[in-house]
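Structure, as structure tokens:
The values are calculated or read from the model by the stated rules, or taken from the named source; none is laboratory data. Quick caveat: nothing in here was measured; it's all calculated off a predicted structure. A quick note on method: Cβ atoms are made from the backbone with ideal geometry, for glycine too, and the neighbour counts reach across all protein chains shown.
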Amino acid sequence: MPDDSLATDSALCSDASNKTTPAPPDEVVSQGPVFVVINPGSGSHSTDEIVEQIALDLAHSGRGGDLFLATGDSSVTDLAELAASRAQREGGIVVVAGGDGTVSAVARAVIERGVALAVVPAGTFNLVARAHGISENITEAIRTALSGRVVPVQVGRVSDLLFLVNASIGLYPKLLRDRETLKRQLGRSRFVALLAAAKTLAGTVKPMALALNLDGRAQRLRTTSLFIGNNRLQIDRLGLSEAQAIGQGYLVLLNAPPFGMLTAIKLLIQAALGRLKDAKGLDATTFETLAVTRVRRSRARRPFGVAIDGEAFRVDPPLVFSVEPKPLWLIVARTEALASTAKVCDEQAQRDDA
């Protein structure tokens, strides 16, 4: 299984070249007020525990700020806009406590404003945090939020929406619907997510006829799913070498051709074992820009169901996937081994020159 620390060092190195906006000043990151967005619907952590710990540490820091708790009357998106706006105006940072979907929603608000974001992982998979060495321990993550340093992180875009981990059409949006149904019955856990994947793959999957323009190359294909990855740790754990391109201005495209039940089960097992590169018929490639439309004219204008960082959206065609020019300024631990990072950067530079 790939080492998370290697993915972290490599991410800090490669994303460092993606600085199209200036980094927030260190005094803002380390001393400015802190505006916290908390989603109580994320993961299995107690909301009271998270709120109490953050409020306590924030009070001890003497930095000021505010806490925003998502409820039925206030969405994460609305609170993210409010927190990011205040952080920009008052010279502070934003902290988000939640899963990858919540992190992504808050990130969209801070990226546009150039505000630094810290993550307190409180979801099921926490891929954003894990890919960048942020502890899944709440206390340690809060400590990093209040004393860390910023690094630029590559952001993906699909039409007008931004994503940090992945975006997809076809199979995965259906999986999300199945997962939400099971979550209401069984609660949130990685086992429930795996069970939802098995349920989805066991069902009827209709292939899509799509027209693609991949970095200027036109092609048509029939597929059950297009998966676009922007999280090196996730793609690396699938056993795909294309993961190394993430953070260097490229996204990763996975195309799953039409398959039956037996192939579906085999794909699920290979993905779990990190051996998806051995899967027959599964295509993986890197790209800078990908445009997607339907081949059938009768359906050409219908919105696509798109899964973006674990949340479902409806997006009008054509779908255009690319790397967002502005990075996310993510706060990570200052204790990251700089010597190790420098070594990884040097090795990467040697590969680029080869």
Which residues, taken from region 89-110, are over 17 Å from Leu161 (Cα atoms) and crowded, with 24+ Cβ neighbours inside 10 Å? Gly92, Ile93, Val94, Val95, Val96, Ala97, Gly98, Gly99
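Checking the condition basic (Lys, Arg) and not in a helix (DSSP H, G or I), which residue from Arg157, Arg108 passes?
Details: Arg108 fails: not in a helix (DSSP H, G or I).
None of the other options fit; the residue is Arg157.
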Condition check: part of a helix (DSSP H, G or I) and without any contact (Cβ under 8 Å) to a residue 60 or more places away in the chain. Does Ala141 satisfy that? yes
Out of the residues in region 111-129 meeting the condition of being surrounded by fewer than 21 Cβ atoms within 10 Å (Cβ to Cβ) and in a helix (DSSP H, G or I), tell me which one is farthest from the chain's Cα centre (by Cα). Arg113
Segments classed as strands (runs of 3 or more DSSP E), wholly inside region 163-244, with at least 2 members that are at pLDDT below 55 and surrounded by fewer than 20 Cβ atoms within 10 Å (Cβ to Cβ): none
